[in-house]
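Remarks on the structure that follows.
The values are calculated or read from the model by the stated rules, or taken from the named source; none is laboratory data. Computed from a predicted model, the values in this text were never measured in an experiment. Cβ sites come from the backbone with ideal geometry, for glycine too, and all protein chains shown count toward neighbours. All accessible areas refer to the heavy atoms of the entire protein, side chains included, with ligands and DNA or RNA removed. Shrake-Rupley method; radii C 1.70, N 1.55, O 1.52, S 1.80 Å.
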Amino acid sequence: MPEVEKSNAESRRSTLKRLAGYLMGGSLVAAYGNLAAVMARYLYPARPEQRSFLFVTDVASLGAGESSLYTTPSGAPVNVTRRGAGDSVEDFLALSSVCPHLGCQVHWEPQNDRFFCPCHNGVFTPEGVATEGPPADAGQSLSQFPLKIENGLLFIEVAIPPPEESET
Amino acid sequence: MTLDQKRIVIAVLAIFFLLSLILVQSIEVARRYEEVGLVRANVAVPATSRNCVDCHGQSTPGIIDHWKGSTHASTGVGCVDCHQARDGDADGFLHYGRLIATVVTPRDCSRCHQQVFEEFSRSHHAAAGNILASLDNFLAETVEGARMPFDPHSPTPGMAVDQVNGFASAFSGCQQCHGSKVALRSTSGGMVTADDLAPDANGLPTNAEALGRVLRDENGKPVLHSGTWPNTGIGRLNLDGSRGSCSACHSRHDFSPRRARQPENCGKCHLGPDHPQKEIYEESKHGVAYRDLREQMNLDARDWVLGRDYSQAPTCASCHMSGNLRNDGRITHDPGERISWSNRPPVSLVMDTDQNHAIVTATDPAERRRLTVDTAEAKRSRMKNVCSHCHTPDYVNSFYRQYDDFVILYNEKFAKPGQAIMASLEQQGLLTPTQFDEKIEWTWFYLWHHEGRRARHGVSMMAPDYTHWHGMFEVAERFYAELVPEARHLAAEAGARGQGAAARAVNQVIDGILARPEHAWFEQGADEAAQRIREAMREKYGQTR
Amino acid sequence: MNAVVAWLKDRLPVDVDSLRELTNEPVPHHLKRWWFAIGGTPAYLFVVQVATGILLAVYYESSTRTAYESVRYITEEAAFGWYLRGLHKWGATLMIAAVILHQMRVYFTGAYRKPRELNWMVGMTLLMSTLMLGFTGYSLVYEQLSFWGATVAANLTGSVPVVGGFLREMLLGGESYGRQTLPRFFILHAAVLPVLLILLLGIHIAILRIQGVTDFRFESEKDEEQKPFNFWPDHAYTEIVIGLILMILLSTLATVFPVTMGPKADPLVTPEVIKPEWFFYVAFRWLKLFSGTFAILSTGFIVFVMFAWPFIDAWIRRKTRFTEASVWIGIFAVFSIIGLTVWEALVEH
């Protein structure tokens, strides 16, 4: 039946035609789309900071239950507390001392075993979770900094600010 | 070309374009990885040291540059962390709002480097300051200088000279390697040292009176005595009672471990006519290999372990301090741990040490066993651990046999006899009590302190020229051509003065020594030996000379 | 879809059908030969230049104090900065080459003849603008050759009679290369010249469409094969293929011959060898062969001849029987240009 064959050949040809069309369209989109992605990546601002572990103190100097104020190179204040008497990194905690509510400085109250913010009476657990005051209402907590211990020395991971631009 | 063909062509080309973009992206990723590896993390100045860096970046920019290149800087250890002083420190002063001290002692470093401090403190390096009570000190302070200031004898054109500082040779010579006794100027014009301050176990002075005598400038800064500071001698006696200076080997302010691994670092002090370890190393095959291959020896590695990070050649550090595969890569800051002979004294001593790390001198074997905590053999094994990375046991043991034989030869043929001769002269009262005022005292000093040491150090580190020509040859010459004749001369003089018994006693000692088989050639002639040599030469070469 | 079209039609009374007919021009058959399609090449490359140029301008700083550092940042630090700068640099080279090749094609096929003299002159203006873009672009990098090349070019401009001094001062923003110069180059390169180019390109294509592409007959072709074909999708596909080939070529060049940073401009140190970009070698060599006013005037004269060529060619064909004169003159010109360019490339001074 020549008509059926002819129409089969025709439908085959039109399928191939459509396939060629899709292939062309798809590969054009893929290629130029990739180029657009490259351009977008180029435009995205460079990561502003490197992070690195910096020296805080030797483990022996901080007693159990004691807290020490460390200032990061970019000026952010951090409360470094030793909770347990052990020497492993889990016994230490580094919490930002900036209250997440409106940015006042919190301080550690050893007698009450809590962090206290004097601006609006915000209270935080030793782990930095807010339990009273506006920060608690918003479900906030003090942000934490990673720590590590090497050779009896305590290190904190902070962002290293980029070097100042030199004028030449 | 039909439309369909064109569509296919477009598709193929677009895929090629996509592939080229993928290549571009992989290049970018590789570039990023490389960058992260090559570029050092920016140095962040710790908040506490911000002011220091800002001001000293202008006034002494080199110090800040050095520090920025150090591991301290990349881990956030800044100026204040090392220079901080405590209330009550003798040399602490308020400097732009911070209590600091100029001199950083091993005790300060021990705040973070506790184990190293302990090892170093019991090592012979930390004891280098003990020279201040020795012959060498006498040489520097009295023979070369003067223990009191004295007036100049004529003007120095262009400079107003009040007094001559008799300690200058000691301050600038011996003490720059061995360490000074750090002193603050006192209000009465003298010095205040650790001896006066009597620091406690934590380094704080206990003698308030001495503390009160410390002279301070208009800013309240204690004035360091210029003779004793600057000084980074490795045995420095610090004001807080600690001994040593870490910056002797780990130069400040970059505290480079890389530098401490290189022989040139040790060579600042371990060189010269009386202990030419640097020159000996350079002569030896170890030194030759090092000079050739140092660029490939991974000097910048974090932990520099022999057998893992490098194996081309050992340096001073490799044998005496650094970690290797056989000891789990453990560094020691006590080089004495691996040394089996002490070649410092006139007569070399076997390094069995007691609990105070002092050499056991007892002769009774049972007594030695009782006192010895760490035997010389144990020390030697630790050293052999290093050798065995490149040398087989037979090789190493035979070398040590060569070494032992040589040291014993020196001890028995020249050192002990020399000592005996000098002792008898002293006993018989033929020498004045003052050292170095008679020629023979210099002769003897040269023999054991210079030439004898050269010979022993040379053999210990495989440098034949130092062992022989700069070593034993000169020892022999000094002994036969100078020491013996001078001793005989003194005896003869004594005899002429009427001290016959003394003269006879001395001569008896000398005769006894020279009668021994190893010395017999000297006075009885060695004609047979000469004869044998002549015959051998005739046989071999047809010569008769 | 129809609702959207109806919504638009209510507000934009455009006759879509006649628009479609207008844009789907019948393309003469000879354009099935690929080398006739070179004209689209500089247009496509111009789009590439605009796109990469905008991206580069995001990080580029046009102050003499910070320009070099900003280019270094792009080249060494920004993600894919090296690649995009490479595309832009090689794109510039290829675009200028494409314009020259297109002009040569038009010249040797006599497609500038009446009634197309106007479009030839528009094209010449496009050529000059493209060359200016190339020159100002490299000046922005503020490398040694950027600074000194710009200084030499400004001095040459200054030696044009009558208006030279004025032009020179306008170019430099002062008596000599100073703080004002780089911002001027930047505005020229990134705003004035691109806008000019777009306008000229629009006019160029409009005139082309109005007049229709010159119809060619090749001796080998039979009459019936010379049916025109549709712009869309046929010729459009051809252009897409060319575009892709160009992108692959640019990508490869940017990767295999990446752009690096030369030494930074130092107004106190003149380099041993100062050369402009390759496309100016012929002019540079010409100016060095002759001195002073004659050099400038002769260069100006040659450019004038190029502009007025359709009319000069018509005059020659009228007055002599030498109908193929333009071809021979063209061959001579091409060899001269190549010769002078190569000569300049091979010597130092």
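Things worth noting here:
- Hits in the stretch C:140-167 - residues which are touching a helix residue (DSSP H, G or I) at 6+ places or on another chain (Cβ under 6 Å), open to solvent by less than 20 Å² (accessible area, probe 1.4 Å) and assigned to a helix (DSSP H, G or I): C:146, C:150, C:154, C:164
- Within the option set C:130, C:125, being in a helix (DSSP H, G or I), under 30 Å from residue C:180 (Cα atoms) and either open to solvent by 40 Å² or more (accessible area, probe 1.4 Å) or within 14 Å of another protein chain (Cβ to nearest Cβ) (or both) holds for one residue only, C:125.
- Residues of the stretch B:155-169 satisfying the condition of being open to solvent by less than 80 Å² (accessible area, probe 1.4 Å), in a loop (DSSP other than H, G, I, E, B) and free of Cβ contacts under 8 Å to residues at least 24 places away in the same chain: B:161
- Any hit, the stretch B:22-44, residues being open to solvent by less than 30 Å² (accessible area, probe 1.4 Å) and either within 36 Å of the chain's Cα centre (by Cα) or more than 10 Å from chain A (Cβ to nearest Cβ) (or both): yes
- Subset tally (residues that are polar (S, T, N, Q) and assigned to a loop (DSSP other than H, G, I, E, B)) for the stretch B:54-94: 3
- Looking only at the stretch C:170-199, residues that are among the polar types (S, T, N, Q) and surrounded by fewer than 19 Cβ atoms within 10 Å (Cβ to Cβ) come to 2 in all.
- Selected residue (only one of C:287, C:268, C:346 is modelled with pLDDT under 90 and open to solvent by 80 Å² or more (accessible area, probe 1.4 Å)): C:268
- Counted residues, the stretch C:282-324 - those being free of Cβ contacts under 8 Å to residues at least 24 places away in the same chain, among the hydroxyl-bearing types (Ser, Thr, Tyr) and in a helix (DSSP H, G or I): 2
- Looking across the stretch C:325-349, the residues that are touching a residue at least 12 places away in the same chain (Cβ under 8 Å) and under 14 Å from residue C:109 (Cα atoms) come down to C:325, C:326, C:327, C:330.
Residue by residue, here is whether (1) buried (at least 21 other Cβ atoms within 10 Å of the Cβ); (2) in contact with an Asp or Glu (Cβ under 8 Å, 6 or more places away or on another chain); (3) not in a loop (DSSP other than H, G, I, E, B) holds:
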| residue | (1), (2), (3) |
| --- | --- |
| B:230 | no, no, no |
| B:234 | yes, no, no |
| B:239 | yes, yes, no |
| B:247 | no, no, yes |
| B:254 | no, no, no |
| B:259 | no, no, yes |
| B:275 | no, no, no |
| B:293 | no, no, yes |
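- Residues being open to solvent by less than 10 Å² (accessible area, probe 1.4 Å) and within 23 Å of residue B:143 (Cα to Cα) - total across the stretch B:184-197: 0
- Scanning the stretch C:52-65 for residues that are within 9 Å of chain A (Cβ to nearest Cβ) and surrounded by 17 or more Cβ atoms within 10 Å (Cβ to Cβ) gives C:52, C:55, C:59.
- Annotation: residue B:388 fulfils all but one of (1) within 26 Å of residue B:130 (Cβ to Cβ); (2) out of contact with any Cys (no Cβ under 9 Å at 6 or more places or on another chain); (3) not acidic (Asp, Glu); the unmet one is (1).
- Residues in the stretch B:115-133 that are part of a loop (DSSP other than H, G, I, E, B) and among the small types (Gly, Ala, Ser): B:123 alone.
- Considering the stretch B:452-494, the qualifying helices (runs of 4 or more DSSP H), each wholly inside and each with 3 or more residues that are touching a Pro at 6+ places or on another chain (Cβ under 9 Å) and either surrounded by 24 or more Cβ atoms within 10 Å (Cβ to Cβ) or of a type outside the set (Asp, Glu) (or both), run over B:452-460.
- Yes/no for residue B:216 being loosely packed, with under 14 Cβ neighbours inside 10 Å and in contact with a helix residue (DSSP H, G or I) (Cβ under 8 Å, 6 or more places away or on another chain): no
- Qualifying residue in the stretch B:316-326 (condition: modelled with pLDDT under 95, open to solvent by 20 Å² or more (accessible area, probe 1.4 Å) and among the polar types (S, T, N, Q)): no
- Test set (1) surrounded by 14 or more Cβ atoms within 10 Å (Cβ to Cβ); (2) assigned to a helix (DSSP H, G or I) - residue B:398 fails condition number: (1)
- Residues (part of a helix (DSSP H, G or I) and within 26 Å of residue C:173 (Cα to Cα)) located in the stretch C:56-83: C:56, C:57, C:58, C:59, C:67, C:68, C:69, C:70, C:71, C:72
Yes/no per residue for (1) in contact with a His (Cβ under 7 Å, 6 or more places away or on another chain); (2) in contact (Cβ under 8 Å) with a residue 12 or more places away in the chain; (3) over 30 Å from residue C:237 (Cβ atoms); (4) within 13 Å of chain B (Cβ to nearest Cβ):
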site: A:8; (1), (2), (3), (4): no, no, no, no
site: A:53; (1), (2), (3), (4): no, yes, yes, yes
site: A:57; (1), (2), (3), (4): no, yes, yes, yes
site: A:60; (1), (2), (3), (4): no, yes, yes, yes
site: A:67; (1), (2), (3), (4): no, yes, yes, no
site: A:83; (1), (2), (3), (4): no, yes, yes, no
site: A:90; (1), (2), (3), (4): no, no, yes, no
site: A:103; (1), (2), (3), (4): no, no, yes, no
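- Among the candidates C:137, C:86, residue that is within 14 Å of chain A (Cβ to nearest Cβ), open to solvent by less than 30 Å² (accessible area, probe 1.4 Å) and under 18 Å from residue C:278 (Cβ atoms): C:86
- For the stretch B:295-325, the set of residues classified as free of Cβ contacts under 8 Å to residues at least 24 places away in the same chain and in a helix (DSSP H, G or I) consists of B:295, B:296, B:320, listed by residue number.
- The set of residues in the stretch B:95-114 that are part of a loop (DSSP other than H, G, I, E, B), closer than 18 Å to residue B:201 by Cβ and away from chain A (no Cβ under 14 Å) contains only B:105.
- Test for residue B:408: is it touching a Ser or Thr at 6+ places or on another chain (Cβ under 8 Å) and open to solvent by 70 Å² or more (accessible area, probe 1.4 Å): no
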